[in-house]
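So the structure is just underneath, and the comments pick up after that.
The values are calculated or read from the model by the stated rules, or taken from the named source; none is laboratory data. Here the structure is a predicted model, which means the values were calculated and not measured. Because the Cβ atoms are built from the backbone with ideal geometry, glycine has one as well, and the counts that use them run over all protein chains shown. Side chains included, ligands, DNA and RNA excluded: accessible areas come from the protein's heavy atoms. Shrake-Rupley method; radii C 1.70, N 1.55, O 1.52, S 1.80 Å.
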Amino acid sequence: MPVAFDPLIIEPLDRRAYNQEVASALNEPTTRIFLDTNILMWTYGLHLGARTDLCDWLKDGPQKGRIHIPRRVLHEFSAHRNDQKALYPFGQQFKTLTKALETFEQQAPLVADDAWASQKGFTDRATYLAKVSTARDALSKLIEPITKGDKLETLHAQLIPVFNALAMTGNIHDGLAQLRDSYEARAELRIAPGFKDINKGKKNEEDNVAAGLPAKNGANRFGDLAIWDEILTFVNAIEPKPGAIILLTHDGKTDWIYYPAKIIDLDGHTKPNRSDDPECLGVAQPILCHELKTRTQVPALYILSIRQLAMIANLDPVAGFKFVELARAVQAEVSEEQSNEEGKTEPKLREEEVECDESADEQGDETDEGPYQNPQEEVQPNDLQAFFVNLPNTARCDFDYTSDPAGLEEFEAVIKGLKSHSWYRQNPAVKQGLALLVVPGVSLLQAFIFGRNLYQAAVGTSSDAMRALEGLESRLEACSDAVANAVYAGAYFELYFGRQGNLREVPKTGQIDPLFRHQQSMRLAPAVNFIRTELAQAHARLLVLPAPAPVVRAFEVKFDVEEAIVAVRLGETDVTAPFNANNEDQRLLPPKIRYSALRNMISQQFAIPAAQIHLAPEFEDTRKVNDLEFIAWNPVDGPQL
């Protein structure tokens, strides 16, 4: 039985097993996915890149045709679609902060004189007040744009067609009175969903009763139950029956979610499932799983936040879709706390984690036959050239790396954090690691391992790792040249070589563009020379190598008379072929594609930075694709293109 579907959930709940179940459900071709109202509204607060990530998945992702929005969800959403306060609830908070800053500026002159300012570290009163004014102006400029968001017309134009295309079509009007009565009975027995909304209602209940209306008229108390009932009715009518149901919602109340007291984390440690922990884990209430199974015969229900969806989808390449900009956005998101009936802070779905590929590569299973054996004696020199020539086995086979006795002991915690399976441990590890790299005592081996795991965490969409990689040259300015090159070389090594030191059949290209961005740096030239030497056996097959003078590869797109894409060529070689159902789905082109998406797919398939791809002719709109897949290629024994 799945880990989270017992009548009484066995605790501690194993997070790894649960995540694997969710990933399997995402990959299962019969799984149906449903969106809650708060997901639709939350989408309006995303920046364009994150919004596009989500919309692309909803429209054309691997689960296309199996993602649905209940009509009652659309009905609820339509009441708020033009309400700025509802769509941007954080706007009022920022306005409150702006007013507080104005009050601060008004009060500062009352407490500050020259003596006081001098004691606090300022030259005089005038200097202090000038800094207060400057700070207020700067913060106001930062706050104002985020309180407004994009124009609603622009957002509607992108989002409404997507939502409409996912709308369910069942009859939601009959049986509402019976559903209301059912809600009253269920709420009294505290049966999910929605029983915590039992006290919702207008303040003028007496006026409602006097008018012959229910006391709670207009309160939408059984809205959650109505949505749940619509989902169950829909699922019960379809064949074949889904293997699982996934509900995407940001409703973290306990009338939907069960929070185990203890969990087994991804490192195998048992720990309290604390509400103030960003890795707090919530699962579907068992009574909901029971109702789903008894009414529809569907055995599994998963309730996920978008954050949890993005993390689990990113760790499992078989799911066929990777969120990048959306992952950046959700890592920075601050969830609002909800209060439970006892007045305590109720855990919010602030999950989840992203897997680092300790058991398998992010873009496919390892195919290494065994560890790389360095014939030279393992050494740990401080000289960079000697380090590269005699690269330690634990640098090549970082799976075997535990620590470096010759290095800085404090730095080992950084590497451990980067190797974790959690954004919430990787992000602070990135910051701490960059700060410690300037400290004497950090060994070149530690710096190399840091570079490998920095790249790995960035591919896993750790936001701090991605930012560090994008600006790596400047982030390493304060380091010694040797340490900086060891970090950069380690990142390159992770791109091309697996955990046992052998050349990857599938290079880890998820962050190839930001990594190659620094290839022309004169300071980092030793790292570039190192990786070119390491890749000697693959020179003939790799279309691009890191180089001071980057090579651009020219691809040609072929269209038929209806302007559909029928082929992509590199010189005289077709790099696409008619779709073969027996091949891997990862090579399949989608039925429709934009220019930028096609260039990115070429980048991922053939290990070329998108910035070094010239794709002609350019096209602005979305084009149809005539059942194509990319040809099989890899740098180990693939064809020379």
Original post:
Are there any pairs, at least 6 apart or on different chains, whose C-beta atoms fall under 8 Å, with the first in the stretch 423-446 and over 20 Å from Ala482 (Cα atoms) and the second among the polar types (S, T, N, Q) and part of a helix (DSSP H, G or I), and if so, which?
Top reply: Trp423/Gln331; Trp423/Ser463; Asn427/Gln331; Asn427/Ser463
Original post:
How about the stretch 117-129: which of its residues are part of a helix (DSSP H, G or I) and surrounded by 13 or more Cβ atoms within 10 Å (Cβ to Cβ)?
Top reply: Ala117, Ser118, Arg125, Thr127, Tyr128, Leu129
Original post:
of a type outside the set (Asp, Glu) and open to solvent by less than 10 Å² (accessible area, probe 1.4 Å), is that true of Leu434?
Top reply: no
Subject >> the stretch 271-299 - residue that is open to solvent by less than 10 Å² (accessible area, probe 1.4 Å) and under 25 Å from the mean Cα position of the chain (by Cα) and, of those, farthest from Ile191 (Cα to Cα) >> reply: Cys280
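Specify the residue that is nearest to Asp229 (Cα to Cα); the eligible residues are those in the stretch 130-177 that are assigned to a loop (DSSP other than H, G, I, E, B) and of a type in the set (Val, Ile, Thr).
Ile172
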Subject >> Enumeration of residues in the stretch 411-435 that are at pLDDT below 90 and assigned to a helix (DSSP H, G or I) >> reply: Trp423, Tyr424, Arg425
Original post:
So which pairs qualify, if the first residue must be in the stretch 258-272 and within 18 Å of Leu418 (Cβ to Cβ), the second must be open to solvent by 50 Å² or more (accessible area, probe 1.4 Å) and among the basic types (Lys, Arg), the Cβ gap must be under 7 Å, and the two must be at least 6 apart or on different chains?
Top reply: Leu266/Arg16
Original post:
What tally of residues in the stretch 1-23 results from selecting those that are assigned to a helix (DSSP H, G or I), in contact (Cβ under 8 Å) with a residue 12 or more places away in the chain, within 27 Å of Lys64 (Cβ to Cβ) and not charged (D, E, K, R)?
Top reply: 4
Subject >> All positions within the stretch 78-111 that are farther than 18 Å from Ala135 by Cα, in contact with a Leu (Cβ under 9 Å, 6 or more places away or on another chain) and at pLDDT 85 or above >> reply: His80, Arg81, Asn82
Original post:
Among the helices (runs of 4 or more DSSP H) confined wholly to the stretch 472-551, which include 1 or more residues that are open to solvent by less than 10 Å² (accessible area, probe 1.4 Å), of a type outside the set (D, E, K, R) and in contact with a helix residue (DSSP H, G or I) (Cβ under 6 Å, 6 or more places away or on another chain)?
Top reply: 481-496, 512-516, 525-534
Original post:
Which of the residues belonging to the stretch 224-271 are among the polar types (S, T, N, Q) and within 21 Å of Leu176 (Cα to Cα)?
Top reply: Thr233, Asn236
Subject >> Subset of the stretch 436-461 (residues that are in contact with a helix residue (DSSP H, G or I) (Cβ under 9 Å, 6 or more places away or on another chain) and assigned to a loop (DSSP other than H, G, I, E, B)) >> reply: Leu437, Val438, Val439, Gly441, Val442, Ser443, Gly460, Thr461
**OP:** Report the residue count in the stretch 207-258 for those that are surrounded by fewer than 19 Cβ atoms within 10 Å (Cβ to Cβ), in a loop (DSSP other than H, G, I, E, B), in contact with a Gly (Cβ under 9 Å, 6 or more places away or on another chain) and modelled with pLDDT of 90 or more.
**Re:** 1
